């Protein structure tokens, strides 16, 4: 059983559409992280959310941490082909544990 | 550029062989993590070192071993290689060893076992 469940596993959309991906768990976390991985590259940290209910924005990306600190979401507005990649949520506790990720493809 | 250096970038070897993957962490980072990523799969945690000591162990096979040296670089040794060991192997580093730490990843070593 995965500590972090991400959905959907795959998402293919057209440029300009909005989307939301989710990271869920039955555990409570002190914080969650979101990474993006492009093909052939290592993951790059996008954001860390710490406080329950917290919302952080990074240009067209909006990250939210659930009130109970068990889940998080990533919303992308007006997706662009450059947003294509694997989006991973992660928990940094005694080890850095990743979910399986959402593979996003944005078609021109 | 994350500041984490992994060598080699690509490695092709035969079944039964042994290889060593090398990782130099970012300057100042004390912790090193190793991950395996197979095709279309997520990052599987293998092992973590902090300041030369093993900190956490994940799903690392007995045929695999790692260490972190006094200069903080790390090596991952893979032996008796099997076809299923073909994967991307990533190293990451962080300043702290855990707890809300931010990790920086290298570009990975793509291992192909033939």
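Bear in mind these aren't lab numbers, they're just calculated from the coordinates by the rules spelled out. Source: prediction; values computed, not measured. Positions of Cβ are generated from backbone atoms using ideal geometry, with glycine treated the same way; all protein chains shown enter the neighbour counts.
Set the Cα radius of gyration of the stretch A:62-108 against 2.2 N^0.38 Å, with N its number of residues, and you get 1.35. Modelled label positions at residue B:114 and residue A:14, each set 7 Å beyond Cα in the direction of Cβ, lie 4.4 nm from each other. What shape does the stretch B:50-105 take by its C-alpha gyration tensor, where a ≥ b ≥ c are the square roots of the eigenvalues and a/c under 1.5 counts as rounded, a/b above b/c as prolate, and the rest as oblate? Judged from the Cα gyration tensor, the stretch B:50-105 comes out prolate (a/c at least 1.5, a/b above b/c).
The three principal axes of the C-alpha atoms in chain B carry coordinate ranges of 37, 28, 24 Å, sorted with the longest axis first.
Sorting A:55-62, A:69-76 by their mean Cβ neighbour count within 10 Å, with the most densely packed peptide first, gives A:69-76, A:55-62. A Förster distance of 45 Å, applied to the separation of the beta-carbon atoms of residue A:5 and residue B:5, puts the FRET efficiency at 0.85. Projected over every direction and averaged, the convex hull enclosing the alpha-carbon atoms of chain A yields 6.4 nm². Going 7 Å from the Cα of residue B:20 along its beta-carbon direction, which residues of the stretch B:47-75 have the amide nitrogen within less than 16 Å of the resulting point? In the stretch B:47-75, the label zone of residue B:20 (backbone N under 16 Å from the point 7 Å along Cα→Cβ) covers B:64-75. Per the Cα gyration tensor, the protein assembly as shown maps to an equivalent ellipsoid with semi-axes of 30, 20, 15 Å, ordered largest to smallest. Once the C-beta distance of residue B:63 and residue A:58 is scaled by a Förster radius of 25 Å, the resulting FRET efficiency is 0.05 to the nearest 0.05. Taking 19 Å as the cut-off, the amide N atoms of the stretch B:13-27 that come nearer than this to a point 7 Å along the Cα-to-beta-carbon line of residue B:51 belong to B:25-27.
Taking the stretch B:44-79 and a reference point 7 angstrom along Cα→Cβ of residue A:94, the backbone N atoms nearer than 19 Å belong to B:44-61.
Modelled label positions at residue A:38 and residue A:105, each set 7 Å beyond Cα in the direction of Cβ, lie 1.8 nm from each other.
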